[in-house]
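For reference, the structure discussed in these notes is given below.
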Amino acid sequence: MNYKELKILVGLKIKENRLNKNYTQEKLCEILNIDITGYSKIENGKSFPSFENLCNIMRVLEINPNEFFDFLKITKSSEINKEISKIKLMEDLNKLDNETIAIVQSLIKKLI
């Protein structure tokens with residue numbers, strides 16, 4: 001597991017637990033007194049929460065730290081595999097020149 005995959009896993013774990021408690025992102029951010037934009041980046045695997053925010057999130061959502069960091073349950077889900085595949089695809093696309101990207105876009109449009 002690399003750094004990017006870990007960010008995705010942390011975000012998915014938080015999202016999963018938030019939904020289990022029937023909280024919206026807005027409601028949870030209100031309780032935690034944190035910015036929704038930053039929180040959204042955490043759930044989407046774009047950034048890590050600070051240690052303080054992570055502790056507060058686990059407290060409010062009543063998440064046991066041992067359970068939170070048990071990624072084996074979530075790594076088997078299709079959602080995490082899909083997110084990791086998207087990131088890897090974007091990394092590969094960023095290596096291509098503009099002409100090749102245009103060809104790939106054309107091929108994708110024909111497939112859709």
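The numbers here are math on the coordinates, done by the rules we state, and not lab data. Quantities reported herein were computed from a predicted structural model and do not represent experimental measurements. For neighbour counting, all protein chains shown are included, and Cβ atoms are generated from backbone atoms with ideal geometry for every residue, glycine included.
Extension gain for Phe51-Lys4 works out to 15.2 nm (0.36 nm per residue, less the C-alpha to C-alpha distance). The spacing between the range 1-54 and the range 86-102, judged by their C-alpha centroids, is 27 Å. To the nearest ten degrees, helix 78-94 and the longest principal axis of the Cα atoms of the chain are 50 degrees apart. At 7 Å along the Cα-to-beta-carbon direction for both Lys88 and Asn64, put a label point, then send me their distance in nm to one decimal. Distance between the two pseudo-spin positions: 3.2 nm.
With respect to the chain, whose longest principal axis is taken over its alpha-carbon atoms, helix 51-60 is tilted by about 60°. From least to most packed, judged by other beta carbons within 10 angstrom and beginning with the fewest, Lys86, Lys109, Lys7 follow the order Lys109, Lys86, Lys7.
Neighbours of Pro49 by Cβ distance under 13 Å: Lys/Arg scored +1, Asp/Glu scored -1, total +4.
Select one label from (1) -0.63, -0.99, -1.06; (2) -0.90, -0.99, -1.02; (3) -0.71, -1.03, -1.10: the one whose number is log10 I(q)/I(0) by the Debye sum over Cα atoms at q = 0.15, 0.20, 0.21 Å⁻¹ as derived from the coordinates shown. It is the value labelled (3).
Dipole orientation for the chain: of the candidates Thr24, Val104, Tyr3, Val104 has the Cα lying most toward the positive pole (charges on Cβ; Lys, Arg +1; Asp, Glu -1). The angle between the Cα long axis of helix 98-111 and the longest principal axis of the Cα atoms of the chain comes to about 80 degrees, rounded to the nearest 10.
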